[in-house]
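Here the structure is laid out as structure tokens; the discussion comes afterwards.
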Amino acid sequence: MRCFGHLAEQWGRSRPILGPKFSHKSAPFARRSLAREYAVPYSERFVRSIKDECLERMIFVGQASLRRAIGEYMAHYHEERNHQGLNNTLIRAESRDAANDAFIHRRQRLGGMLNYYYRAAA
């Protein structure tokens, strides 16, 4: 931001958008919202989670197998995985009325790499 210092002060929290066709003299500016800047840590955490729990443990044959694995992980992430930021609850929780003495079942995804344990409703 050395060469854009005076423009950055003029535009507030603006950042240059540089691409392969732009030089430092013709770079356009765009305002970034604070909501976008606050979303960056959440997206970085999600990328770290999917890499650690899924992508680094598999060998993909092609794009179709990669897409299938990401789809399975997304379903697991939203429906079956506990989230500490939500007090260890699920994002999309199904309402289940199960007794404490019911059998415990396991739902497997990606060949047992992702597991979800639940009690069957009576």
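Values for this structure:
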| read-out | value |
| --- | --- |
| Residue in the range 51-64 that is over 19 Å from the mean Cα position of the chain (by Cα), under 30 Å from TYR117 (Cβ atoms), assigned to a helix (DSSP H, G or I) and modelled with pLDDT of 55 or more present | yes |
| Residue match in the range 84-98 (condition: out of contact with any Lys or Arg (no Cβ under 6 Å at 6 or more places or on another chain) and either of a type in the set (Phe, Trp, Tyr) or not assigned by TED's automatic domain parsing to the domain that holds LEU55 (or both)) | no |
| Filter pass, ILE91 being modelled with pLDDT of 85 or more and outside any helix (DSSP H, G or I) | no |
| Any hit, the range 67-75, residues being touching a Lys or Arg at 6+ places or on another chain (Cβ under 6 Å), at pLDDT below 90 and not in a loop (DSSP other than H, G, I, E, B) | no |
| Verdict on PHE46 being modelled with pLDDT of 85 or more, part of a loop (DSSP other than H, G, I, E, B) and of a type outside the set (Val, Ile, Thr) | no |
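The values are calculated or read from the model by the stated rules, or taken from the named source; none is laboratory data. None of the values given here were measured: they were computed from a predicted structure. All Cβ positions, even for glycine, are placed from backbone atoms using ideal geometry, and neighbour counts span all protein chains on display.
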